[in-house]
Amino acid sequence: MDYEMKMIDREIYGREIGEKVAEKRERRAGVKKLIDVLIDLSHDDETIFIKAKNKYGQYFSDDELKQFIAEAKNDSLQEA
């Protein structure tokens, strides 16, 4: 019985970790989409940062958000 409980606990733990990773990926994709839209609308970096921070600041640090903005700007310059 003890072995079965350990296996069930391990399965539950693995599922929880997988769900957290999926949520993080979804948030990362969401913030990148938001930044892309705001860049397309010709907003300045400060406005983009404020809007991204308001929506995703509880999940990402200021530095991470600034990095996403820099990456999106770089990607949009390479596409042009």
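The values are calculated or read from the model by the stated rules, or taken from the named source; none is laboratory data. Small disclaimer: the values here were computed from a predicted structure and weren't measured. Every residue, glycine among them, receives a Cβ derived from its backbone with ideal geometry; neighbour counts consider all protein chains shown. Just the protein is used for accessible areas: all its heavy atoms, side chains included, with ligands, DNA and RNA removed. Shrake-Rupley method; radii C 1.70, N 1.55, O 1.52, S 1.80 Å.
Structure data summary
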| item | result |
| --- | --- |
| Odd one out for GLU26 among (1) in contact (Cβ under 8 Å) with a residue 24 or more places away in the chain; (2) surrounded by fewer than 15 Cβ atoms within 10 Å (Cβ to Cβ); (3) not β-branched (Val, Ile, Thr) | (1) |
| Check on GLU46, among the acidic types (Asp, Glu), modelled with pLDDT under 90 and open to solvent by 80 Å² or more (accessible area, probe 1.4 Å) | no |
| Pairs with Cβ under 9 Å, 6+ apart, first in segment 30-42 and over 18 Å from GLN67 (Cβ atoms), second in a helix (DSSP H, G or I) | ASP40/SER76 |
| Options LYS55, LYS20, LYS51, LYS32: the member that is of a type outside the set (Ser, Thr, Tyr), open to solvent by 100 Å² or more (accessible area, probe 1.4 Å) and at pLDDT 90 or above | LYS55 |
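The rows are residues; the columns are (1) part of a helix (DSSP H, G or I); (2) in contact with a Phe, Trp or Tyr (Cβ under 9 Å, 6 or more places away or on another chain).
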{"site": "ILE8", "(1), (2)": "yes, no"}
{"site": "GLU11", "(1), (2)": "yes, no"}
{"site": "GLY30", "(1), (2)": "yes, yes"}
{"site": "LYS33", "(1), (2)": "yes, no"}
{"site": "LYS51", "(1), (2)": "yes, no"}
{"site": "TYR59", "(1), (2)": "no, no"}
{"site": "LYS66", "(1), (2)": "yes, yes"}
